[in-house]
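Enquirer: Could you have a look at this structure, given as structure tokens, before my questions?
The values are calculated or read from the model by the stated rules, or taken from the named source; none is laboratory data. These numbers come from a predicted model, not from an experiment. As a convention, Cβ positions derive from the backbone with ideal geometry for all residues, glycine included, and neighbour counts pool all protein chains shown.
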Amino acid sequence: MTKTRASGRTVGGLRTLSLQAPAVTLLLLWMIVPLGMTLWFSFQYYNLLMPGMTGFAGLENYEYLLTDPALWAAMGNTLLLVGWVLAITVVGGTLLAVLFQQEFAGRGIARVLAISPFFVMPTVSALVWKNMMMHPSNGVLAWLAESIGLPAVDWFSSLPLTSIVIIVAWQWLPFALLILLTAMQSLDEDQVEAARMDGAGPVAIFFFITLPHLKRAISVVIMIEMIFLLTIFAEIFVTTSGGPGLATTNLAYLIYIRALLDFDVGTASAGGVIAIILANIVAIFLVRMVAKNLEE
Amino acid sequence: MTTLNSKTAAPHSVSGWRSAQSKRAIITVLGWSVALVIFFPIFWMILTGFKTESAAIADPTLIFSPTLESYQAVQARSGYTRFALNSVVVAFGSTFFALLIAIPSAYAMAFLPTKRTKGTLLWMLSTKMLPSVGVLVPIYLIFRDVGLLDTRTGLIIVYTLMNLPIVVWMLYTFFKDMPKDILEAGRMDGASTLQEVCFLLLPLTLPGIASTGLLSVILSWNEAFWSLNLTTSNAAPLTAYIASFSSPEGLFWAKLSAASTMAIAPILILGWMTQKQMVRGLTFGAVK
């Protein structure tokens, strides 16, 4: 390295520090303060409706939460929601990426149309699907079913969680497609051509060349989606409000109910801690992967 | 940059040419059908916005006499522009502050890297992974106590911090791609850091900064967890306004569609323009 580098190390270090200070300080505050408070509240008796009852609660909030059947229903729903949406978007996204990688007339426009749902705000997606698509008597799906002689489905009463899965998958399929399509662009065409010359069919090429090439992009999609899908909120808020019963209450919605509807700050915070732990398990893997990428 | 090598193999015979033709036709039909099915709900919503309320709930049809009735009603009854203005102020305000805070930080990371730079970057990324719902309670209580509930300032603060890690990361990747020689040359000519940043770095990386800003605007515009929980009426942006159509007495499909179309149109267009950069920002450079 040059001389300026060596002599300017401490000065440069100081400069780096001062330039980074605003961003680092703000993010540190944004992370530490609420996190610390959530953790603190989770060990306190704190209900806005019972102002007299305060003080250290030990593990009681956690005990209350962990023995609450609602928590386990919410955990189950969260898992089902995340699992199904992941399965649909990753499998669908991969297949669509292969399709949209082929050349055809108007491919550019078709791609743009297919990724559009990702840019639609969640409250709009949810309400458009709930009313205009899935309405049991006036929705497009009911009309389609009836026109081919099938009974219309009352989506949100008979298949509430499935309905949410469909809406969320519709929003995130384009995300998977967008990322995987980008990853496809670095696929070595010569390698594909060589395989084709050697007599490999399209299926073999997909499994032995395309899929291994997409491996990393697919895992990135899975992890990023998991982090967002763990806390799906708006789609549930505007369609089912977690019901009927607890059928569509996920962890995020349960915490919202406990905090802002029941005013039970302590229990809600304990739920928050659980959500943070779950998200962090995923996050560790994602951060590792990005770190590896930084080294290259 | 990647060079696209899209030459297809030369057809070897007439029959090969025929099967290539029919394969092309199948792919064209398939590709377009999939795209149209995925886009259909958006298309249908745009269409419904131009219907009357009674036509909106009638049997689906493409033939109807279009009207702007619903658009006028949305504005007259609820004051659409008020919510749109909140969205604009909050999205652009938070983007402005995020860029302001992130540019020096990204500059330092790209051009004055230390041993800790990589760690700092990864730590910033990890703050993005804290689920919002985990900190809903404290943020809500703090905002209540300092009077930031239902204010644009409150939302701007939250969105600035929410997008800061992504903005720093994206700027960092754009700054890193810039040839170092140009900055060196500027320094040789006696430019100060501030001059270097203002006259060399910013103009040269303007496209990158612009797409970073656009991504931040898109994310803030569409954010619906904090806007639903921290606003009620005064500062409610479009995400929260649209949510008000979910009440049973508010099931006016044509009006919902008209309001939704106006709410998503600008972002849809911005999204189409910045797809490539979106990938960079959303995957933290892990997919190129």
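Enquirer: Among what's in the stretch A:268-277 and is within 18 Å of the chain's Cα centre (by Cα) and more than 8 Å from every other protein chain (Cβ to nearest Cβ), pick the residue that is nearest to residue A:216 (Cα to Cα).
Expert: Of everything passing the filter in the stretch A:268-277, A:277 is nearest to residue A:216 (Cα to Cα).
Enquirer: Run residue B:171 past the list (1) more than 10 Å from chain A (Cβ to nearest Cβ); (2) surrounded by fewer than 22 Cβ atoms within 10 Å (Cβ to Cβ) and report the number of the one that doesn't hold.
Expert: Result: residue B:171 fails condition (2) only.
Enquirer: Quick check on the stretch A:284-292. Is at least one of its residues surrounded by 19 or more Cβ atoms within 10 Å (Cβ to Cβ), in contact (Cβ under 8 Å) with a residue 12 or more places away in the chain and either more than 7 Å from chain B (Cβ to nearest Cβ) or more than 25 Å from residue A:58 (Cβ to Cβ) (or both)?
Expert: Yes, the stretch A:284-292 has at least one match.
Enquirer: Can I ask one more? Within the stretch B:185-246, which helices (runs of 4 or more DSSP H) (wholly inside it) include 2 or more residues that are assigned by the TED database to the domain that holds residue B:141, among the small types (Gly, Ala, Ser) and touching a Ser or Thr at 6+ places or on another chain (Cβ under 7 Å)?
Expert: On the way: elements: B:206-222, B:225-230, B:238-243.
Where helices (runs of 4 or more DSSP H) fall fully within the stretch B:185-246 and carry at least 2 residues being assigned by the TED database to the domain that holds residue B:141, among the small types (Gly, Ala, Ser) and touching a Ser or Thr at 6+ places or on another chain (Cβ under 7 Å), they are B:206-222, B:238-243.
Enquirer: Answer yes or no: is there a residue in the stretch B:257-270 that is away from chain A (no Cβ under 11 Å) and crowded, with 17+ Cβ neighbours inside 10 Å. If you could, list the steps in order and put the result at the bottom.
Expert: Pass one, the stretch B:257-270, residues away from chain A (no Cβ under 11 Å): B:258.
Applying the additional criterion that residues be crowded, with 17+ Cβ neighbours inside 10 Å yields B:258.
Yes.
Enquirer: Does at least one position in the stretch A:256-266 carry a residue that is more than 8 Å from chain B (Cβ to nearest Cβ), of a type in the set (Ser, Thr, Tyr) and either within 19 Å of the chain's Cα centre (by Cα) or within 29 Å of residue A:120 (Cα to Cα) (or both)? Working first, answer last.
Expert: Looking only at the stretch A:256-266, we keep the residues that are more than 8 Å from chain B (Cβ to nearest Cβ), and these are A:257-258, A:261-264, A:266.
Retained after the next criterion (residues that are of a type in the set (Ser, Thr, Tyr)): none.
No: the stretch A:256-266 contains no residue that is more than 8 Å from chain B (Cβ to nearest Cβ), of a type in the set (Ser, Thr, Tyr) and either within 19 Å of the chain's Cα centre (by Cα) or within 29 Å of residue A:120 (Cα to Cα) (or both).
Enquirer: In the stretch B:134-161, what residues are more than 9 Å from every other protein chain (Cβ to nearest Cβ) and of a type in the set (Phe, Trp, Tyr)?
Expert: Once the filter is applied, which keeps residues that are more than 9 Å from every other protein chain (Cβ to nearest Cβ) and of a type in the set (Phe, Trp, Tyr), the stretch B:134-161 yields B:143, B:159.
Enquirer: Quick check on my filter: what residues within the stretch A:84-109 are crowded, with 22+ Cβ neighbours inside 10 Å, among the aliphatic types (A, V, I, L, M) and at the interface with chain B (Cβ under 7 Å from one of its Cβ atoms)?
Expert: Hit for the stretch A:84-109 is A:96, nothing else.
Enquirer: At least 2 residues that are within 21 Å of the chain's Cα centre (by Cα) and surrounded by 18 or more Cβ atoms within 10 Å (Cβ to Cβ) in each: list the helices (runs of 4 or more DSSP H) lying fully within the stretch B:59-158 that qualify.
Expert: B:80-111, B:117-127
Enquirer: Would it be correct to say that residue B:246 is facing another protein chain (nearest Cβ under 7 Å) and over 19 Å from residue B:93 (Cα atoms)? Can you show your working first?
Expert: On the way: facing another protein chain (nearest Cβ under 7 Å): yes; over 19 Å from residue B:93 (Cα atoms): yes.
For residue B:246, the condition - facing another protein chain (nearest Cβ under 7 Å) and over 19 Å from residue B:93 (Cα atoms) - is met.
Enquirer: Checking residue B:39 against (1) part of a helix (DSSP H, G or I); (2) within 11 Å of chain A (Cβ to nearest Cβ); (3) surrounded by fewer than 18 Cβ atoms within 10 Å (Cβ to Cβ), which test does it fail?
Expert: Condition not satisfied by residue B:39: (3).
Enquirer: If you don't mind, there's one more thing I want to ask. If you go through the stretch B:79-94 one residue at a time, do you hit one that is outside the structural domain of residue B:266 (by the TED database), of a type in the set (S, T, N, Q) and either touching a residue at least 40 places away in the same chain (Cβ under 8 Å) or closer than 19 Å to residue A:138 by Cβ (or both)?
Expert: no
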